[in-house]
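Working notes, beginning with the structure itself.
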Amino acid sequence: MHWMTILLVGVLVVATGAVVLVRRSLQFVARPKRAWQIGYLTLAGLMTVLTAVTSKTLDAAVSGGFIVGMCLVFAAWRRGLTRQELINGFGSMRPYSQLTQIQLTALPQGTQLQARVGQVVVVTLVFAQAPATLAQFLKRQMPPERVVML
């Protein structure tokens, strides 16, 4: 086995562990972006077929498996709120102390959350919970005056 193959397996194991850790720490889960999930799952399926058809060596199979695995990791990623931070993407986790304001807007079926740094909206999430429920949670995690219900 080539050293790069071992590195790819290691990266996939760490990424999978991160997904499990984040999913277990979420207090409120935002609605997923279905189009992205479908795209990642479709890509994973295509790469599985291509890898099975074209891989002639173990290194090639592991490389294709890595791509499939990472697509599945991205498809399984959940966005939402933990006790310490707001989680958007795989590389986008923002501690509440970095946010200057969180605006909660009631929707017909849930709540839209917009996190701001200064005047710039850095994250927009949609939750199934009522604005009051999210506001109560957020006011315990950050200065209450930074949580605004519209």
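The values are calculated or read from the model by the stated rules, or taken from the named source; none is laboratory data. Given the structure is predicted, the values throughout are model-derived calculations rather than measurements. Neighbour counts run over all protein chains shown; Cβ positions are idealised from the backbone, glycine included.
Please pick out the residue among ALA30, ALA35 that is in contact (Cβ under 8 Å) with a residue 60 or more places away in the chain, of a type in the set (Gly, Ala, Ser), closer than 30 Å to LEU104 by Cβ and outside the structural domain of LEU125 (by TED's automatic domain parsing).
Testing whether each residue is in contact (Cβ under 8 Å) with a residue 60 or more places away in the chain, of a type in the set (Gly, Ala, Ser), closer than 30 Å to LEU104 by Cβ and outside the structural domain of LEU125 (by TED's automatic domain parsing) leaves just ALA30.
Based on this model, can you work out whether ALA61 counts as on the phi < 0 side of the Ramachandran plot and either modelled with pLDDT of 90 or more or loosely packed, with under 14 Cβ neighbours inside 10 Å (or both)?
No; evaluated as a whole, the condition is false for this residue.
Please enumerate the residues belonging to region 85-105 that are part of a loop (DSSP other than H, G, I, E, B) and surrounded by fewer than 16 Cβ atoms within 10 Å (Cβ to Cβ).
PHE90, GLY91, THR100
Taking SER55 and the conditions (1) at pLDDT below 90; (2) surrounded by 13 or more Cβ atoms within 10 Å (Cβ to Cβ); (3) closer than 26 Å to ARG116 by Cβ, which numbered condition does it fall short on, given that it satisfies the others?
Against the list (1) at pLDDT below 90; (2) surrounded by 13 or more Cβ atoms within 10 Å (Cβ to Cβ); (3) closer than 26 Å to ARG116 by Cβ, SER55 comes up short only on (3).
Quick check on region 118-130. Is at least one of its residues outside any strand (DSSP E or B), closer than 27 Å to GLY39 by Cα, touching a Gly at 6+ places or on another chain (Cβ under 6 Å) and touching a residue at least 60 places away in the same chain (Cβ under 8 Å)?
Scanning region 118-130 turns up at least one residue that is outside any strand (DSSP E or B), closer than 27 Å to GLY39 by Cα, touching a Gly at 6+ places or on another chain (Cβ under 6 Å) and touching a residue at least 60 places away in the same chain (Cβ under 8 Å).
Among VAL53, VAL73, which is among the β-branched types (Val, Ile, Thr), under 16 Å from VAL20 (Cα atoms) and assigned to a helix (DSSP H, G or I)?
VAL73
Any chance you could count how many residues in region 106-150 are surrounded by 13 or more Cβ atoms within 10 Å (Cβ to Cβ), among the β-branched types (Val, Ile, Thr) and more than 21 Å from ARG78 (Cβ to Cβ)?
Total meeting the criteria: 3.
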